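Below is one structure; the comments refer to it alone.
The values are calculated or read from the model by the stated rules, or taken from the named source; none is laboratory data. Treat the numbers as computed from the prediction; the structure is a model and nothing was measured. Cβ coordinates were reconstructed from backbone atoms using ideal geometry, including for glycine residues, and neighbour counts include every protein chain displayed.
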Amino acid sequence: MLWKKLLTGLTATNTVENKMKVSDIIDLRLAIQKTEIKPGIILLASAFIPALHRYIGSFEFAMNNYPEASEFKASVYMFASAFFLLGIIPLLLIKITFKESLSEYGLGFGNLKTGMKYILLIFPLIAVLLLYPSSGTREMLEFYPLDKAAGESVFSFLRYEVIRMVFFYSAWEFFFRGFILFGLRKYMGDWLAICIQTVPSCLWHIGMPAGEIFASIFGGILFGLMVLKSKSILYPFILHVLIGFTLDLLIVLQNYQ
């Protein structure tokens, strides 16, 4: 009968369309696995991990959710959570998922001469033009150091700075300048890789002093160029430590005059 032929034809058409849809999906998955899985993981991680740290790994989160915690303990919580989220997780992705060497992500001495030249040239300029003037502003004086008790003794100050250096700055530079920048440069090119790692780095600073938010944009670009020239995250790490240490020291000296 005619209606049976029509029904058979519609069923056959639907079957072909379904097969085509399944085939398209399979082909798409294969395409993603071959060409886009690594940069896709890095791009998603560049959004998810900093956001996760900013909300559940931050100093503010510790102070709000653990009222009995001191500012020092809240600072340690922030630094330790950064070490895990920004350091350990991308390290595991590199070794287990990408199956690559950490040296491909800027771990190593790279070009020692170039790296030290950048530090010796840039740090004095930053200290004179940015750190010293900003350390006297009310916003900075009220915000830093996170542990206000760090200014009460040399031991307290050095303890705070060393813990931040070991756990926070190391993970920060590895994530933004190592994992993201080195991970994306062969897919995006050097300049776009620098820009991409600068965006989440800047967004993470929202809620901090306004000057620091805008400085993080220029800092992201500067540190990105520095790491590509020196072929190592070591030198941006050293510069970052010097900037943080010097700013805290200037603020502490002014608060306790």
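Tally up the residues in the range 204-235 that are without any contact (Cβ under 8 Å) to a residue 60 or more places away in the chain and among the polar types (S, T, N, Q), please.
Number of matching residues: 1.
Does SER81 meet the test of being farther than 18 Å from ILE233 by Cα, assigned to a helix (DSSP H, G or I) and in contact with a His (Cβ under 8 Å, 6 or more places away or on another chain)?
Yes.
Just checking, does the range 32-43 include any residue being outside any helix (DSSP H, G or I) and touching a Leu at 6+ places or on another chain (Cβ under 6 Å)?
no
Scan the range 123-132 and give yes if some residue there is of a type outside the set (Gly, Ala, Ser) and under 16 Å from VAL252 (Cβ atoms), otherwise no.
Yes, the range 123-132 contains at least one residue that is of a type outside the set (Gly, Ala, Ser) and under 16 Å from VAL252 (Cβ atoms).
LYS186 passes all but one of (1) touching a residue at least 12 places away in the same chain (Cβ under 8 Å); (2) basic (Lys, Arg); (3) over 21 Å from TYR132 (Cα atoms); which number fails?
(1)
Under 6 Å between Cβ atoms, at least 6 apart or on separate chains: pull out the pairs that start in the range 64-83 with a residue that is within 16 Å of MET165 (Cβ to Cβ) and end on any residue that is of a type in the set (Asp, Glu).
Close Cβ pairs (under 6 Å, with a partner that is of a type in the set (Asp, Glu)) amount to PHE72/ASP147; SER75/ASP147.
Which count do you get for residues in the range 178-201 that are surrounded by 18 or more Cβ atoms within 10 Å (Cβ to Cβ) and more than 16 Å from ILE41 (Cα to Cα)?
Total meeting the criteria: 3.
For (1) surrounded by 12 or more Cβ atoms within 10 Å (Cβ to Cβ); (2) assigned to a helix (DSSP H, G or I); (3) modelled with pLDDT under 95, each residue gets a yes or a no:
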{"residue": "GLY87", "(1), (2), (3)": "yes, yes, no"}
{"residue": "LEU91", "(1), (2), (3)": "yes, yes, no"}
{"residue": "ILE96", "(1), (2), (3)": "no, yes, no"}
{"residue": "THR114", "(1), (2), (3)": "yes, yes, no"}
{"residue": "LYS117", "(1), (2), (3)": "yes, yes, no"}
{"residue": "GLY136", "(1), (2), (3)": "no, no, yes"}
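Of everything in the range 142-160, what is of a type in the set (Ser, Thr, Tyr) and crowded, with 19+ Cβ neighbours inside 10 Å? Give them in sequence order.
Correct list: TYR144, TYR160.
Being more than 11 Å from the chain's Cα centre (by Cα), in a helix (DSSP H, G or I) and either β-branched (Val, Ile, Thr) or at pLDDT 95 or above (or both) is true for just one of GLY183, GLY211, GLY178. Which residue is that?
Exactly one residue qualifies, and that residue is GLY183.
Restricting attention to the range 56-79, does a residue exist that is at pLDDT 95 or above and within 22 Å of LYS186 (Cβ to Cβ)?
Checked against the condition, which is being at pLDDT 95 or above and within 22 Å of LYS186 (Cβ to Cβ), the range 56-79 yields no hits at all.
For every residue, the table says whether it meets (1) among the hydrophobic types (A, V, I, L, M, F, W, C); (2) touching a residue at least 60 places away in the same chain (Cβ under 8 Å); (3) in a loop (DSSP other than H, G, I, E, B); (4) more than 26 Å from LYS99 (Cβ to Cβ).
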{"site": "GLU173", "(1), (2), (3), (4)": "no, yes, no, no"}
{"site": "TRP191", "(1), (2), (3), (4)": "yes, no, no, yes"}
{"site": "PHE237", "(1), (2), (3), (4)": "yes, yes, no, no"}
{"site": "LEU249", "(1), (2), (3), (4)": "yes, yes, no, yes"}
